[in-house]
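Here's the structure, in structure tokens; my notes come after.
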Amino acid sequence: MRWRTGRESDNVEDRRGLRAGPAIAGGGIGTIVLLLVAIFFGVDPTVLLQSGSPVSAPSQQSVAVPADQDDMRKFISVVLADTEDTWHDLFRRMGGAYQEPKLVLFTGAVQSACGFARAAVGPFYCPADQKVYIDLSFYQELRNRFRAPGDFAQAYVIAHEIGHHVQNLLGISDKVESLRARSGEAEANALSVRLELQADCFAGVWAHHAHKARQILESGDIEEGLNAASAIGDDRMQMQARGYVAPDSFTHGSSTQRVRWFKQGITSGDLRQCDTFKAARL
């Protein structure tokens, strides 16, 4: 991926070197978001969340930041800037205005408006504060555990979370959350799958337009992105974590579905082609 000559975003909030202790955080949408992420990564939700009313700020401890993460920080800043440029342009075409999110780098654990989370949840988007959160150690896990190496695989992860921000700005997230609140577990999971697959498609839309405008893609990049989408499908994640697959509990979509919708966005570059909620086949 060609990124070294790109501009860096001013919207990176670097909290590395400070480790947040668990504050007593409220429930609601933040709890739902982090529980979904916990299920996605096959970890115990009780280690990620603490419920109640906010009563104190999280404690912070200094921790060492690996030197090799400096280059990764620049990479993330450039990718974030590229998503900003792309979505500003696309929102203008739709007659709207894009609001840039913040991207928070953290080490070990973090306090967000959606609650307290440990690095085990992986990258996540919090609609309550419009921020993306990522511990850079996740990229090592992406390479080693998920067998999805490459810079464009890493960019896909960021673009997917920015896709959730776009859904939030377009009012899609609120509508889905309202429907989920009135649904049974199986239907609520199915709605979550459609939301996640749309974020995959939006990530592809970004890649399509970014390459068209700035020629960011190199040979093998698309394959890297598709491999990453496949590696974190619910079926593969569940098989790895549990040894069996339970489709009714999917919240993000199968490997095949995630690849299909990411590819749909890359190929079409059209937001209208990302309407997973009207699709008869995912």
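If a residue must be over 26 Å from Phe91 (Cβ atoms) and touching a strand residue (DSSP E or B) at 6+ places or on another chain (Cβ under 7 Å), how many such residues does the range 139-190 contain?
Residues in the range 139-190 being over 26 Å from Phe91 (Cβ atoms) and touching a strand residue (DSSP E or B) at 6+ places or on another chain (Cβ under 7 Å): 0 in total.
What is the residue count in the range 133-182 for residues that are closer than 20 Å to Val205 by Cβ and part of a helix (DSSP H, G or I)?
Selection size over the range 133-182: 23.
How many residues does the range 85-111 hold that are in a helix (DSSP H, G or I) and either touching a helix residue (DSSP H, G or I) at 6+ places or on another chain (Cβ under 9 Å) or farther than 20 Å from Asp10 by Cα (or both)?
Result for the range 85-111: 8.
List the residue pairs whose Cβ atoms are under 6 Å apart, where the first residue sits in the range 173-186 and is closer than 13 Å to Phe277 by Cβ, the second is at pLDDT 95 or above and in a loop (DSSP other than H, G, I, E, B), and the two are 6 or more positions apart or on different chains.
Matching pairs, first to second residue: Ser173/Pro127.
Could you pull out the residue among Glu196, Glu218 that is out of contact with any strand residue (DSSP E or B) (no Cβ under 7 Å at 6 or more places or on another chain), touching a residue at least 12 places away in the same chain (Cβ under 8 Å) and not in a helix (DSSP H, G or I)?
Glu218
So, Tyr156, is that one under 19 Å from Leu80 (Cα atoms), touching a Gly at 6+ places or on another chain (Cβ under 7 Å) and not acidic (Asp, Glu) or not?
For Tyr156, the condition - under 19 Å from Leu80 (Cα atoms), touching a Gly at 6+ places or on another chain (Cβ under 7 Å) and not acidic (Asp, Glu) - is met.
Going by the structure shown, is Ile172 at pLDDT 95 or above and under 20 Å from Glu100 (Cα atoms)?
Values: at pLDDT 95 or above: yes; under 20 Å from Glu100 (Cα atoms): yes.
It is true that Ile172 is at pLDDT 95 or above and under 20 Å from Glu100 (Cα atoms).
The values are calculated or read from the model by the stated rules, or taken from the named source; none is laboratory data. Since the structure is predicted, the reported quantities are computational estimates derived from the model, not experimental observations. Please note: Cβ atoms are built from the backbone with ideal geometry, for glycine as well, and neighbour counts cover all protein chains shown.
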